[in-house]
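The values are calculated or read from the model by the stated rules, or taken from the named source; none is laboratory data. Note that the structure is predicted; figures quoted are calculated from it, not measured. Note: ideal-geometry Cβ built from the backbone for every residue, glycine included; neighbour counts use all protein chains shown. Accessible surface areas use protein heavy atoms only, side chains included; no ligands, DNA or RNA. Shrake-Rupley method; radii C 1.70, N 1.55, O 1.52, S 1.80 Å.
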Amino acid sequence: MKKEVDDTMDKKIAFIGAGSMAEAIISGLIQSQIIDKQQIIVTNRNNRQRISYLKEKYQIISMQNKQQLMEQADIILLATKPCDMEQAIASVQPYMRDNHLILSVTAGMSTKRIERWIGLKIPVIRAMPNTSASIGYSATALCIGAYATTEHLQIAEQLFNTIGTTVQVNEAEMHMVTGISGSGPAYIYYLIEAMEQVAVEAGMSSATAKQLIHQTLLGAGKMLNQTNESATELRKKITSPAGTTEAGIQTLEQNHFQQMIKNCIYAARDRSIELGE
């Protein structure tokens, strides 16, 4: 759940990269009303159709002239694919100023590497949100680079708190953050796909299955947030001896469900490390 933010932001934000994560953040920022639409600028390397779509949908500014973009922007948000990051930085590096704040949401890219590509003593903050940012429910981890101060971190927190909640972590933890909360929504959606499929296979209507499953997920999330009980405690409360839930849990245990989830997260973490290399 997003935190309440009282102050509006008078800075202009330039998004370099226009993929799904950039759109999720743009959508969340606009819905929060922390920033005017005309304070958001978006650009990418060559996908003009994507830029036109974002400009029309959100009434934001699009700009391909990198010098003009950098002259107008206060915050530069890097949202490119990892393989495009170096080229994206090179395209704007000649126009960077000391008072720019660089935010990166690109998986695997360390602040040290970004600072090296920039070649200037400019504050860099790395963030790992997830696509729930588009509805204000992202879980975002933040870590700071060598030249970022507490003031820069506060600006990043103000921005990302409008699209969910934030937590500061050590940069060494960011690869695991990517595996848990960055990619995490996709694992949950994948589980829900299976639940919906088995319900339909058993003869239930798709609409009924979705209503039951989605509300179940929402209720479980709220139980975790609003009680002081752990996931283990909450699970045990439902799992009566020789009951229906125990039968289901035993099947999951027999198929090494928890180990599969761990392997899934480790695989995402390791891929994040590979992307950074």
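Pairs, please: C-beta under 6 Å, at least 6 apart or cross-chain, first residue more than 16 Å from PRO185 (Cα to Cα) and touching a residue at least 24 places away in the same chain (Cβ under 8 Å) and in region 209-225, second of a type in the set (Val, Ile, Thr) and outside any helix (DSSP H, G or I)?
none
Given the options GLN197, GLN226, GLN250, GLN254, name the one that is open to solvent by less than 90 Å² (accessible area, probe 1.4 Å) and more than 20 Å from the chain's Cα centre (by Cα).
It is GLN250.
Only one of these is among the small types (Gly, Ala, Ser) and surrounded by 11 or more Cβ atoms within 10 Å (Cβ to Cβ): GLY179, GLY219. Name it. Outline the logic, then answer.
Values: GLY219 fails: surrounded by 11 or more Cβ atoms within 10 Å (Cβ to Cβ).
After applying the criteria, what remains is GLY179.
Determine if region 187-208 includes at least one residue that is among the small types (Gly, Ala, Ser), on the phi > 0 side of the Ramachandran plot, modelled with pLDDT of 95 or more and out of contact with any Leu (no Cβ under 8 Å at 6 or more places or on another chain).
Step one: of region 187-208, the residues among the small types (Gly, Ala, Ser) are 194, 199, 202-203, 205-207.
Checking which are on the phi > 0 side of the Ramachandran plot leaves us with 203.
From what is left, the residues that are modelled with pLDDT of 95 or more are 203.
Going one step further and asking which of them are out of contact with any Leu (no Cβ under 8 Å at 6 or more places or on another chain), we end up with 203.
Taking every residue of region 187-208 in turn, at least one turns out to be among the small types (Gly, Ala, Ser), on the phi > 0 side of the Ramachandran plot, modelled with pLDDT of 95 or more and out of contact with any Leu (no Cβ under 8 Å at 6 or more places or on another chain).
Could you please give the count of residues in region 31-66 that are open to solvent by 30 Å² or more (accessible area, probe 1.4 Å) and either in contact with a Phe, Trp or Tyr (Cβ under 7 Å, 6 or more places away or on another chain) or more than 18 Å from PHE160 (Cα to Cα) (or both)?
Step one: list which residues in region 31-66 are open to solvent by 30 Å² or more (accessible area, probe 1.4 Å), which gives 31-33, 36-39, 45-50, 52-53, 55-57, 59, 61-62, 64-66.
From what's left, either in contact with a Phe, Trp or Tyr (Cβ under 7 Å, 6 or more places away or on another chain) or more than 18 Å from PHE160 (Cα to Cα) (or both): 37-38, 45-50, 52-53, 55-57, 59, 61-62, 64-66.
Residues meeting the conditions: 19.
Checking the conditions here, which among MET70, MET21, MET9, MET85 is aliphatic (A, V, I, L, M), part of a helix (DSSP H, G or I) and either open to solvent by 10 Å² or more (accessible area, probe 1.4 Å) or on the phi > 0 side of the Ramachandran plot (or both)?
MET21
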